[in-house]
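To start, the structure itself, in structure tokens.
Nothing in this text is a laboratory measurement; each read-out follows from the coordinates by a stated rule. Values in this document were obtained by computation on a predicted structure and should not be read as measured data. Glycine gets a Cβ as well: all are built from the backbone with ideal geometry, and neighbour counts include every protein chain shown.
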Amino acid sequence: MSPILQLENITKNFPGVKALDNVRFEVYAGEVHALLGENGAGKSTLIKIISGVYRPDSGTIMVDGTPVQINNPREAQARGIATIYQELLLYPELTVAENIFMGHAPRTRFGAIDWAEMSRRAKDILASLNIHDLDVRRKVGTLTVGNRQRVEIAKALSQNARILIMDEPTAALTEADVVRLFDIVRLLRSRGVGVIYISHRLEEVFELADRVTVLRDGQYVDTRLVAETTRDDLISMMVGRTIDNLFPKLPAEIGAPVLEVRDLVRQPMTRGVSFTLRAGEIVGLAGLVGSGRSEVAQVIFGIWPAESGQVLLDGKPVHIKSPEQAMKLGIAYVPEDRGTQGLIRKMRVRENISLAVLRQLSAYGFISPRKELNLASDSIQQFNIRAYSPEQIANKLSGGNQQKVVVSKWLASRPRVLIMDEPTRGIDVGAKAEIHRLMSELAQRGLAILMISSELPEIVGMSDRVLVMRGGRIVAEYQREEATQEQIVAAMMSETFVTVNGS
Amino acid sequence: MATQSLAQPAAVRRGPLYAARSILGTQEGVLAISLIALIVTVGLINPRFVAERNLTNILQGYAYIAVAAIGVSMVIISGNIDISTGSLVGVLATISGTLAVNGVPIWLTWVLPVFVGMLVGAFNGFLVAYLRIPAIVVTLGMLSILKGGLISVTSGAWISNLPDGYHLAQMRLLGIPMPIYFMVVLTILAALWLRYSATGRAIYAVGGNAEAARLSGISERRIIMTVFILNGMFVGIAAILFATQLSIIQSTVPPNLELLIITASVVGGVSILGGTGTVIGSTLAAVLLSAIGSALVFVNISPYWLRAVQGVLILATVLADLLRRRRQRL
């Protein structure tokens, strides 16, 4: 029997990143095939290629053994490939039946929509999934997340999907919904549908999947039968990432505690977080996307003020209600998304660098052009920013240089605590090493650094101490000497598949 | 490119051709050159167009629009919009005239409406900044309130019998009409302030990327309040220039005045998406619009075409901006 879907030698490049490199993957009818990998391993790119959102740079895609080209999502649908994304793509103002038949509603002889037929068929499809408690005339916007997901699945079946891609389908579900979802997936498998199942929760893979393929850094690692593999096997396959591109961390003297966080709470993502950050120390904060890593940083920085708990700076309690206030106290936050939160693309390099310290550069409300230019020129030199002039528009720089501009903006305010969220994501190897060198030097000068990162080599390579978050809490802590990628991944992945419930 | 030394200005480095290109690369440069080209061309067709008297008329005619456009440009640069300025000009002009005919000291009839304008601006700003209502909705509401209120109170009647010494816009200094001074001086002051003050920079930052600005410690609310209050002030000054230019005050302001003001901003290179543009540009655009209106008369084209020409200018400017943006991948 040949696979219903087979991908060979798939390569996809994005500017500066090789997202997929010679990846292979196949799905048989009546199989649940799990796709595993860390954040950024290439899973999303792969499913976007299968569902026609991206086109591969090279490689072949075969459906039922015939090579095909999938140019857009519509063509993927026509070949029986349906995708259920994490963010469900339904129309909240339309009914269940309308959503299921969006784009291919049954027609009467006169070309008008046959509402009766549509309701009847929608009910049939839901019934075939053992769903009998869903009124097809209800507006989708009024349904729970679990029910909306069932509508998505019904929609896929109404288009005769034979290959169903599910991207982290349990991320937002309650326990009862997860159980029902698994029943539906098993039902589909028994009917010969090939299911591609993406999840960060290893328990789900063992409970549901027949085979599992692991990707790492855009490369194919291996495909195994789930029955013949173990949790530890999968973890070691996921984490064997190379670390030779890192700048070696320089030793720094670790001093007194600068930032102490006690039982910090801000629902729903920060649920009682405590840790201490010392002068000269780099603390790595690891966790899956959605574990609450960035949210903790944003609570400390005052973007979402804490509901309860305590933050101490130099042993003194402080109440931070806004970024402005956090900055005055000497905390800086280099946000995760350079494009939307860090850089003002239309502005010049000079204007971006001075943005957080306008007041210090001004007298009587006017910015001193000389001071501002000096700051910009010094930063360009110190951080080796490759801009032809401080007057260059920031958007024209490469990703790595944009990141250096954002970092220098924050260092201009001379902080004592620096929080960096994904400091090297999406930038080239050279710029990465330079940012790492910079972090090392800043720590040597006594700055306390909290580094959030999805890249385990970066976490293990740069941190004096590693904290691991899951479900809005810190669940593990390792000293530099004892931290290994395997341990961290094991702590990141949940023990049971219902740690974070949608409330 | 990376090996070039850092301190030299770009034009020195690249020679005169680059300098010419960089002038044409800015909206202000394009407007200045278009204005000169228009004046020369129409002047050759009809020499009376370039008579001193007509050139003065061109500068004076839309001076109040240029002044209002300074404020509106600031609002648009901050990522917001104000579509109520036309009605506000009408209301403030009527307040000024009513005070004047009732014997209030003349300087007060000039100053009080400006304060009322700032109050209205503060109210708009409050709704946008603190209640998070989109600016277009807030000012659409304000437009109706002001326009409806004005017509109800005045019943459309004109104000006449204005006292001597009231007509600020008719006064001259060294032979040049006052509105021209207002336009030039306010434009230069506002341009310097926007370019060199910390608040001016923050206005561009909020319009360019509100979240990044907020994370950099800039108070978005304070900036939005500031631009709306300043906008109220500039619209107030524009209203005084409008009220004092004729011997009567029409409570019916030119229809679509707010759109003409926004046109000046947009044609002047202020991006409707926020974050870029200058008030020099918007003032040059106001003068250009005024010159086009006058030119149509001098080459015997029906002035009704003026609206169509304005429309073409808006589309051409936005298109040029779009192409520039695409080239820079903004």
Nearest-0.05 FRET efficiency for A:Leu312 and A:Ser398, computed from C-beta distance (R0 35 Å):
0.35
antiparallel share of DSSP beta bridges within segment A:5-239, to nearest 5, in %, is 55
Given the -39500 (n - 2.57) contribution per DSSP H run of 4+ residues, what per-residue ellipticity at 222 nm results for chain A, rounded to the nearest 500 deg cm²/dmol?
-9000 deg cm²/dmol
Starting at the first residue of segment B:159-174, write each ³J(HN,Hα) from the Karplus equation 6.51 cos²θ - 1.76 cosθ + 1.60 with θ = phi - 60°, in whole Hz, x for Gly and Pro.
9, 10, 6, 6, x, 4, x, 7, 7, 3, 6, 8, 6, 10, 10, 6
Principal semi-axes in Å for segment B:51-328 [√(5λ), Cα gyration tensor, largest first]
29, 24, 17
Taking every other residue with Cβ under 15 Å from the Cβ of B:Ile180 and scoring Lys and Arg +1, Asp and Glu -1, one gets +1
Just to be sure I understand the rule: take each whole DSSP H helix in chain B, project its Cα atoms onto its long axis, keep it if the span is 30 Å or more and its mean Kyte-Doolittle hydropathy is at least 0.5. Which ones pass?
B:106-129, B:220-243
Taking all pairs of distinct Cα atoms, average 1/r, flip it, and tell me the Kirkwood hydrodynamic radius of segment A:1-135 in Å to one decimal place.
17.4
Rg ratio (alpha-carbon, reference 2.2 N^0.38 Å) - segment B:81-194:
1.23
Contact order normalised by residue count of chain A, Cα under 8 Å, 6+ apart, percent
17
Simple Cβ-charge dipole of segment A:341-414, Lys/Arg +1 and Asp/Glu -1, about Cα centre, in debye nearest 20
100
Give the Cα extents of segment A:288-434 along the principal axes, in whole Å, largest first.
47, 43, 24
Test item: Cα-centred dipole of segment A:5-239, Lys/Arg +1 and Asp/Glu -1 on Cβ, debye:
880
Could you pull the Rg and Dmax for segment A:365-503, using just the Cα atoms, both in Å?
18.3, 59
Could you compute the longest span of chain A free of GluC sites (Glu not before Pro) located in DSSP loops and having at most 15 other Cβ atoms within 10 Å, not counting the site residues?
A:94-252
Within the protein assembly as shown, what percent of beta bridges assigned by DSSP are antiparallel, to the nearest 5?
60
Can you spot the lysines whose alpha carbon is less than 19 Å from A:Lys346's alpha carbon? Ignore those fewer than 8 places along the same chain.
A:Lys396, A:Lys404, A:Lys409
By the C-alpha gyration tensor axes a ≥ b ≥ c (rounded if a/c is under 1.5, else prolate when a/b exceeds b/c, else oblate), the shape of segment B:103-161 is oblate
Dipole magnitude of segment B:51-328, debye to nearest 20 (Cβ charges: Lys/Arg +1, Asp/Glu -1, about Cα centre):
640
Over the Cα atoms of the protein assembly as shown, Rg to Rh with Kirkwood Rh, two decimal places?
1.04
Ordered by fewest other Cβ atoms within 10 Å, a rough proxy for footprinting exposure, A:Phe14, B:Phe49 read A:Phe14, B:Phe49
As a percent rounded to 5, the proportion of antiparallel DSSP bridges among beta bridges in segment A:355-503 is 60
Out of B:Ser302, B:Ala316, B:Thr187, whose Cα points farthest toward the positive end of the dipole of chain B (charges: +1 Lys, Arg; -1 Asp, Glu; placed on Cβ)?
B:Ala316
The aspartates and glutamates whose Cα lies under 16 Å from the Cα of A:Lys48, excluding any fewer than 8 residues away in the same chain, are A:Glu8, A:Asp21, A:Glu26, A:Asp57, A:Glu75, A:Glu87, A:Asp167, A:Glu168
Just to confirm a number: summing +1 for Lys and Arg and -1 for Asp and Glu over residues other than B:Ser265 whose beta-carbon lies under 15 angstrom from that of B:Ser265, what do you get?
-4
Could you tell me the relative contact order of segment A:5-239? Use alpha-carbon pairs under 8 Å, at least six residues apart, and round to a whole percent.
30
Could you state the angle between the C-alpha long axis of helix A:145-158 and the longest principal axis of the C-alpha atoms of chain A, as a value from 0 to 90 degrees rounded to the nearest 10?
50
Residues of type lysines that A:Lys43 reaches as a straight line, Cα spacing below 24 Å, ignoring anything fewer than 8 places off in the same chain
A:Lys12, A:Lys18, A:Lys155, A:Lys432
Residues B:Trp107, A:Trp304 arranged by fewest to most Cβ contacts within 10 Å:
B:Trp107, A:Trp304
For a quick check: with amide H placed at 1.01 Å from N, whose amide H comes under 5 Å from A:Val258's, ignoring anything fewer than 5 positions away on the same chain?
A:Leu277, A:Arg278, A:Ala279
Given the candidates A:Thr11, B:Leu44, B:Thr94, the one whose Cα lies deepest towards the positive end of the charge dipole of the protein assembly as shown, counting +1 at each Lys or Arg C-beta and -1 at each Asp or Glu C-beta, is B:Leu44
Hey, can you grab everything whose amide H is under 5 Å from the amide H of B:Ser251? Only 5+ residues off in sequence or another chain; H modelled, so Pro and N-termini drop out.
B:Ile159
Report, to two decimal places, the Cα Rg of segment A:341-414 normalised by 2.2 N^0.38 Å (N = number of residues).
0.99
Counting all Cα-Cα pairs in segment A:5-239, those more than 34 Å apart amount in percent to 16
Computed FRET value (nearest 0.05) for B:Ile176 with B:Ile314, which takes r as the C-beta separation and R₀ as 35 Å:
0.70
From the phi of every residue in segment A:363-379, what ³J(HN,Hα) in whole Hz does the Karplus formula 6.51 cos²θ - 1.76 cosθ + 1.60 yield, where θ is phi - 60° and glycine or proline is x?
10, 6, x, 10, 6, 7, x, 5, 4, 5, 5, 4, 4, 5, 5, 4, 5
Segment B:Arg195-B:Trp158, length gained on full extension (0.36 nm per residue, minus Cα span):
9.2 nm
Residue order, fewest to most surrounding Cβ atoms within 10 angstrom, among B:Phe242, B:Phe123
B:Phe123, B:Phe242
Would you work out which of A:Gly141, A:Leu164, A:Ser44 lies farthest towards the positive end of the dipole of chain A, given +1 charges on the beta-carbon of Lys and Arg and -1 on that of Asp and Glu, about the Cα centre?
A:Gly141
List the residues whose amide H sits under 5 Å from the amide H of B:Ser271, counting only those 5 or more places along or on another chain, with H placed 1.01 Å from N in the peptide plane.
B:Thr276, B:Gly277
